[in-house]
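Below is one structure, written out as structure tokens, with a few remarks after it.
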Amino acid sequence: MLVSISGQDKPGLMSALMAICADHGAQLLDMGQAVIHDELALGLLVSSSQPEALSRAIAARCEQTQSSLRLERVDAADYGSWSQTIFKSPLILTLLTSGSAADPLLAVSTLTHDYQMNIDTVRRLTKPRSLSEGTDQRFGVEMRLSGELENSPEFQAELLKLADRSGFDVSLQRDSVFRRNRRLVAFDMDSTLIAEEVMDELAKRHGVGDQVVAITDAAMAGELDFKESFRQRAALLEGMPLAVLHEVAESVALNTGARRLIKALKHFGYTIAVFSGGFQYVGEYLQRQLGIDYVYANQLEVIDGVMSGKVLGDIVDAQGKADLLREIAGKEGISLAQTIAVGDGANDLPMLQQAGLGVAYHAKTVVRESAKHSISNFGLDAILYLIGFSDLDVEQALTSDS
């Protein structure tokens with residue numbers, strides 16, 4: 001029997017219902033409860049050899065508390081089918097928006113219905129909106145989906161297109177044990193962790209900005225691979241004092257939410273890595289500022305305090321980032337499914353596709369279309385919502401560290 005109770009939340013209702021179930025020898029098969037602004041929605045699935053007496057007792061209690069009650073018999077075959085499918089890795093859909101949430105929720109729920117999926121639960125991730133601060137505030141929820149999940153890849157593709165067109169962010173993940181136990185987060189650096197492209201900044205200061213941009217464009221057009229383009233751009237920096245690199249490193253701006261994200265991740269025990277096609281010196285500067293665990297980037301040769309234009313060692317390219325993710329995961333003793341990768345460019349795609357959760361951050365169109373998860377409208381700290389942390393979780397973490 002399915003027992004559905006709604007109305008104003010009253011202290012002691014749960015204990016009274018459990019006493020009734022115990023008195024009538026009822027078995028509790030499932031339950032769920034939510035309270036929104038002191039309004040209760042409670043569901044119990046029970047089995048009893050005394051269904052009529054149990055129903056009367058529950059009805060009497062609900063009458064005392066002026067709660068609405070609906071009782072429904074559940075067929076044993078329906079229950080058997082439900083019990084076999086309820087824990088088959090349902091999908092978790094995370095939706096983030098600002099302004100009015102009604103339109104994004106309408107679009108997502110309509111698409112969910114079109115794909116014959118059901119929204120079983122909704123959990124709020126963001127703090128309640130402030131009525132005095134206008135409508136441009138974060139609104140984030142996590143939905144648990146069940147139903148026809150076989151078409152989830154097609155559903156996810158449509159979901160990302162919908163979010164891109166409508167200006168909200170969305171993520172779809174299997175609710176696996178690995179999702180709840182991520183342990184390593186790897187960031188691209190330039191235009192991901194920091195706002196700048198350091199190579200471009202150095203080139204401008206050295207008077208070779210246009211030439212570096214031309215080489216970058218050729219690489220993006222497929223006329224040069226990343227390693228060759230990096231060598232050519234580095235060669236243009238010949239004769240530049242190392243002090244200029246130091247100045248640029250100290251002037252870089254973290255992208256919105258980066259500091260909050262990393263501080264929270266460190267509190268929760270995550271390992272943080274930076275895999276960059278940029279410069280090792282800048283990565284190490286950020287490492288000291290943020291407490292990053294691993295930094296792998298490119299090292300420029302310096303002779304007598306001046307850049308020679310040559311690169312030392314292997315150049316970190318797209319495949320190199322993916323290899324480093326696998327290597328560090330192995331070193332930390334964790335599965336790749338427990339890793340998160342964040343990047344914005346095409347040379348981040350192998351890393352994003354290999355990670356358990358690959359997030360395209362304010363990325364170019366080709367990257368957003370190829371990645372399974374994308375944040376385009378919020379700061380880096382929105383990644384915390386994709387992992388499942390709420391504002392309450394994060395504020396508790398940051399407060400305890402201060």
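The values are calculated or read from the model by the stated rules, or taken from the named source; none is laboratory data. Predicted, not measured: the structure shown is a model, and the values here were computed from it. Quick reminder, even Gly has a Cβ in these numbers, built from the backbone with ideal geometry, and neighbours come from all protein chains shown.
Some values worked out for this structure:
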item: Whichever residue in the range 105-126 is more than 13 Å from GLU142 (Cα to Cα) and touching a helix residue (DSSP H, G or I) at 6+ places or on another chain (Cβ under 9 Å) and, among such residues, is surrounded by the fewest Cβ atoms within 10 Å (Cβ to Cβ); result: ASP114
item: The range 294-341, subset of a type in the set (S, T, N, Q) and more than 24 Å from the chain's Cα centre (by Cα), residue nearest to ARG179 (Cα to Cα); result: ASN298
item: Selection within the range 281-309 - out of contact with any Gly (no Cβ under 9 Å at 6 or more places or on another chain) and either polar (S, T, N, Q) or in a helix (DSSP H, G or I) (or both); result: TYR281, VAL282, GLY283, GLU284, TYR285, LEU286, GLN287, ARG288, GLN289, LEU290
item: The listed residue being in contact (Cβ under 8 Å) with a residue 60 or more places away in the chain, under 22 Å from LYS263 (Cα atoms) and in contact with a Lys or Arg (Cβ under 9 Å, 6 or more places away or on another chain), out of ALA329, ALA346, ALA337, ALA360; result: ALA329
item: Boolean, THR192 is β-branched (Val, Ile, Thr), surrounded by 16 or more Cβ atoms within 10 Å (Cβ to Cβ) and under 22 Å from ILE387 (Cβ atoms); result: yes
item: Residues (surrounded by 11 or more Cβ atoms within 10 Å (Cβ to Cβ) and either of a type in the set (Ser, Thr, Tyr) or not assigned by TED's automatic domain parsing to the domain that holds ALA34 (or both)) located in the range 44-67; result: SER47, SER48, SER55, THR65, SER67
item: Odd one out for ASN377, checked against (1) part of a helix (DSSP H, G or I); (2) touching a residue at least 12 places away in the same chain (Cβ under 8 Å); result: (1)
item: Helices (runs of 4 or more DSSP H) fully within the range 44-128 counting 1 or more residues that are among the hydroxyl-bearing types (Ser, Thr, Tyr) and either under 27 Å from CYS21 (Cβ atoms) or over 39 Å from the mean Cα position of the chain (by Cα) (or both); result: 51-65, 76-85
item: Test for GLU39: is it in contact (Cβ under 8 Å) with a residue 12 or more places away in the chain and within 32 Å of the chain's Cα centre (by Cα); result: yes
